[in-house]
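Reading through the structure tokens given below for one structure.
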Amino acid sequence: MKKMTCIKKLAMAAFMALASTYIFAAAENAGVERYGLYIGSNDGGKNQERLLYAGTDAIAFQKIMTEIGGISKSNGILLLDPAKEDVDNAFETISEMMKRKQKDAKRSEFVFYYSGHSDENALLLGKTKYDYSSLKAAITNVPSDVHVVILDSCYSGNFIRTKGGQKQKPFLMDDSSVVKGHAYLSSSSSQESSQESDEIGSSFFTNAMITGLRGAADTSGDKKVTLNELYSYAFNETLSKTENTADPQHPNYNITLVGSGDLVLSDVSASDCVLTLARDLTGRVIVRDKNSKLVAEINKTTQLPIYLALEEGQYGVTVIGENSTLQGSFSLSPKKSYALSPSNLTPVARLATRSRGSEAEQDGQAVPTDEAETDLLRMPFVFSFFCNEFYLAAKKPISTNFSLALFRSHVYEVNGAMLAGIGNETEILNGAQAAGIYNIAKDVHGAQVSGIFNYAQDVIGAQVSSIVNIANDVKYAQASWISNVAKGNFIGGQGAWISNVTLKDFVGAQGSWISNVTLGDFKGVQGTWLSNVTLGEFKGVQGAWLSNVARKDFTGLQAAWLSNVACGNVKGVQIGFFNFCKGDCDFQLGLVNYSKNGIFEVAASYTTDQKIRLVLNSGNKHLYGIFGVLLNPEGFGKKALEQYGALVLGLGTRVEVWKFNFDFAIMGNEVIFANEKSDKPHSEWFPSARIEAGFTPIPHLNVFAGFAMAFEFPGNRDAFIAHKRNMVIDAGSATLYPEFDFGVKFRLQ
């Protein structure tokens, strides 16, 4: 009896385990559905100054929440300069969406964002107002488990103080919890104005929120930004940016959420492009896009890495540390990350500055410069007969406008020109270097010209030498007699007699006599006499006399006299005698073509003119190449007016329906024969067109019947004297020769 009871208990436990697993799996599949309503209102109505960035702030907030905030485009609504009625309609639309999807989600969350004018009582929407009590009621009526409200407007703290909320410790969420409640965040207190800035092109609060959501607020290093982390970051950043203004901002909050864990508002790991600020990088990190627009500004004080979700593109960065300032640039590509550390940044000299209205300025006293500035000795020019590195006994780095040395010039910073008989060395160059043998610089804004080689870490300008140019990051041009090497991102052109090499992303052009090699993504043009090789993604054109090779996905054109090889998919055209594509290819033009999705087959047929036709069809079914021979088995061995055969070259296209295929082709036929006066063979050509219908009873085998029409003109009549034809159609100035053929094809792939 006890034994049976134990068995029953074990069975019941197993059943409960299966049931709980099923229920948990169902809950996991249900997931969390998140919705967003974003409002930007530059127009505050009568007597209100029109804002400049409320609309763009709303657009930017929607974008970041769509990218890494878990709100799909279909679940978000953006309103710019709306009236109250438009906002109410949006609430209704959001509510209807939630009701439709309620069965599929175990919890719904609603994010409401507003940027614009407001006063102590209401949002100011142009000619209409939306009072805080009504707004809070409308938000509460949205059938969501969680309501997150973010207000970036003057006196928005009054929304938090209206009836219906208390300050409590915020809690939220692991994905399986039942969570309910609200979180209200405002850009300022009930008595403060909210400010926007022309310098950052945004409001201080929204800029801090977006930077925090991108990952700057992530203090735990788990690549997720929680509600607590975001509010803390936005509060500190907003206050620090506005505390020296006439009206400092103190963001407020009201959070009443019940659950476990903390509400995750963004997931940096969901971004296609991630920038990592390394552990050893500390200071004020300022990131700008290629148009110099501020993207993020972070005060990194800890030794923990920070992960930022950014968009694909080119960026510049400045890191202002306690004792030094570093600068550099980087590129972000999808599915790739970039680690920013002091090792890939360049030190720059700090500018002497002073605050307006400082006591020293008011007293007419000199203002001490930055520490780095006092260590930099400025001179209008530096000249030395031998090596100007030893020109001064003062052990300080020199900054000059012009440096001249008979042998070697070594100056920390040059804002003009450096000339030396042997070599120039500098940290920062804003101008030009010219030397008989070499130039070396860390940061170049200008040009390096030398007899042997140039080296630089970052180049914005040009490098010209007779032997080799080497740079980590290059923008614009490298030209040398032997070789150019760009070890980092390269934008511009490389020209060399022997070879060009890039080891990372490359946008621009490469031209050389022997070869071009890129080991990273490539967008642009490669031209060479011998060969081009790319081992990364390639978008653009490759042109070579001998061969082109692309080892990954390739979009664009490959043109070579001999061969093209692509080991990835090709969205474009390959033109050459031999074309090979390991993946799928759109178009291939050549004698022999191979691609994963293409045609590669041998055909043999016998014609009604008693000829044997052997051809290789290869390429894409939309346009494939035809290469083969047309043989006359009776003509061999005879000497007078006897045909040896015909070489067949052409292009065809195919339509496939079930197991049937229908082809159309145009061809050029080169007839080889001997004349009466000489045994030396010569040739004439004639054009022809052909249609074909085939059937594939089993894989790789096709039986077909075709009809061809050859065209004789006065200029190619000799080709048909020896070319026997059974059917002739006289068309006046031209003669037509129709024929039928029947045969089989063997598909080789």
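The values are calculated or read from the model by the stated rules, or taken from the named source; none is laboratory data. Just so you know, these numbers come straight off a predicted model, no measurement behind them. Cβ placement follows ideal geometry from the backbone for every residue including glycine, while neighbour counts extend to all protein chains displayed. For accessibility, only protein heavy atoms count, side chains too; no ligands or nucleic acids. Shrake-Rupley method; radii C 1.70, N 1.55, O 1.52, S 1.80 Å.
What is region 179-238 by shape, rounded, prolate or oblate, if you read a ≥ b ≥ c off the alpha carbon gyration tensor as root eigenvalues and call it rounded for a/c under 1.5, prolate for a/b larger than b/c, and oblate otherwise? List each step's numbers first, then the result.
On the way: a/c = 2.54, a/b = 1.29, b/c = 1.97.
Oblate.
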**Report entry** Residue-normalised accessible area of region 82-123, given per residue in Å² at a 1.4 Å probe
**Finding:** 46 Å²
**Report entry** Accessible surface of region 504-649 [probe 1.4 Å, protein heavy atoms]: carbon and sulfur percent
**Finding:** 68 percent
Report summary line: In terms of the alpha carbon gyration tensor, root eigenvalues a ≥ b ≥ c, rounded if a/c is under 1.5 and otherwise prolate when a/b exceeds b/c or oblate, region 209-305 is oblate
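Using a probe of 1.4 angstrom, how much of the accessible area of region 202-317 is carbon and sulfur, in percent? Could the numbers behind the result be given before it?
Numbers: 2150 of 4460 Å².
That share works out to 48 percent.
Using the beta-carbon distance between D247 and Q48 and R0 = 22 Å, what value does 1/(1 + (r/R0)^6) give for FRET efficiency, to the nearest 0.05? Kindly include the intermediate steps, with their values, before the conclusion.
Working: r = 16 Å, r/R0 = 0.74.
The pair D247/Q48 has a calculated efficiency of 0.85.
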Query - Debye intensity ratio in log₁₀ form over the Cα atoms of region 566-630, taken at each q of 0.15, 0.18, 0.23 Å⁻¹ - result: -0.45, -0.59, -0.82
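Net charge near R50, counting Lys/Arg +1 and Asp/Glu -1 over other residues with Cβ under 13 Å of its Cβ?
Working: positive: K46; negative: D43, E49, D81, E196.
The answer is -3.
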Query raised in the report: Which whole-number value in Å² is the accessible area per residue of region 232-354, probe 1.4 Å?
Result: 46 Å²
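Accessible area of region 396-500 with a 1.4 Å probe: how many percent of it is carbon plus sulfur? Mind showing how you got there, number by number?
Details: 2550 of 3560 Å².
The C+S portion of the solvent-accessible surface of region 396-500 is 72 percent.
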Report task. Restricting things to alpha carbons, tell me how big region 270-345 is in terms of Rg and Dmax, in Å. Result -> 11.5, 36
Report task. First check a/c for region 20-140, with a ≥ b ≥ c the square roots of the eigenvalues of its C-alpha gyration tensor; if it is under 1.5, answer rounded, and if not, answer prolate when a/b is larger than b/c or oblate otherwise. Result -> prolate
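If you build the convex hull over the alpha carbons only and average its shadow over all orientations, what do you get for region 417-556? Give it in nm² to one decimal. Walk me through the numbers before you get to the answer.
Working: hull surface 25.4 nm².
With the hull built on Cα positions only, its mean projection is 6.3 nm².
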Requested in this report: Hey, can you grab everything whose amide H is under 5 Å from the amide H of S266? Only 5+ residues off in sequence or another chain; H modelled, so Pro and N-termini drop out.
Outcome: V225
Report task. With a Förster radius of 56 Å, plug the Cβ-Cβ distance of D86 and W545 into 1/(1 + (r/R0)^6) and report the FRET value to the nearest 0.05. Result -> 0.30
Query raised in the report: Hey, with R₀ at 45 Å, roughly what FRET efficiency would K596 and S683 work out to, going by the Cβ-Cβ distance, to 0.05?
Result: 0.80
Report summary line: Once R100 and S74 are pulled to full extension, the length gained, defined as 0.36 nm per residue separation minus their Cα-Cα distance, is 8.0 nm
Report summary line: Simple SL model, points at 7 angstrom along Cα→Cβ for N121 and K659; separation in nm is 8.3 nm
